[in-house]
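**Student:** Pasting a structure here, questions to come.
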Amino acid sequence: MLAVDVSPSCDHTPTTFSCVKYKKNYDGDTVTFDIPNVHPLIGKSVSVRVAGIDAPEKKGKKPCEMEKARDAQRLVENLLKNARHIELKNVKRDKYFRILAEVLFDGKSLGDTLIKNKLAYEYDGGRKPSSVDWCRTQN
């Protein structure tokens, strides 16, 4: 019987980077990666904004927001540090020219995981809602 390689492809497309390596994360929605097989000027220590979400700010106005930001930061670090495969999909620039992408780890959406854990809310890049109160959000 022939062994079949079921590992994910590490080929890139114009909107997808595969087999990226997690380096660190500033908070729940800003992550730094190394992108293999891309010139180091572009692919080394690249900061990526997670598409579709907004997470609490580490420099928030209230202590509970800063605590939620630390929780989000730790969750993202643990998930990505232990992931076997990380992929950036639908890569583009946001309104501030930052790199924006859906982040998938082992086939799961990082954004969806943060939302399910009440450490982020859906965000389309427009005006942020004033109704988000991280102090009232329970895990």
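The values are calculated or read from the model by the stated rules, or taken from the named source; none is laboratory data. Given the structure is predicted, the values throughout are model-derived calculations rather than measurements. Cβ atoms come from the backbone with ideal geometry, glycine included; neighbour counts cover every protein chain shown.
**Student:** Say we look at the range 68-104 and pick out the residues that are touching a Gly at 6+ places or on another chain (Cβ under 9 Å) and of a type in the set (Gly, Ala, Ser); which of these is surrounded by the fewest Cβ atoms within 10 Å (Cβ to Cβ)?
**Tutor:** If we take residues in the range 68-104 being touching a Gly at 6+ places or on another chain (Cβ under 9 Å) and of a type in the set (Gly, Ala, Ser), then Ala69 is surrounded by the fewest Cβ atoms within 10 Å (Cβ to Cβ).
**Student:** What about Leu110, is it surrounded by 15 or more Cβ atoms within 10 Å (Cβ to Cβ), in contact with a helix residue (DSSP H, G or I) (Cβ under 9 Å, 6 or more places away or on another chain), modelled with pLDDT of 95 or more and on the phi < 0 side of the Ramachandran plot?
**Tutor:** Criteria met by Leu110.
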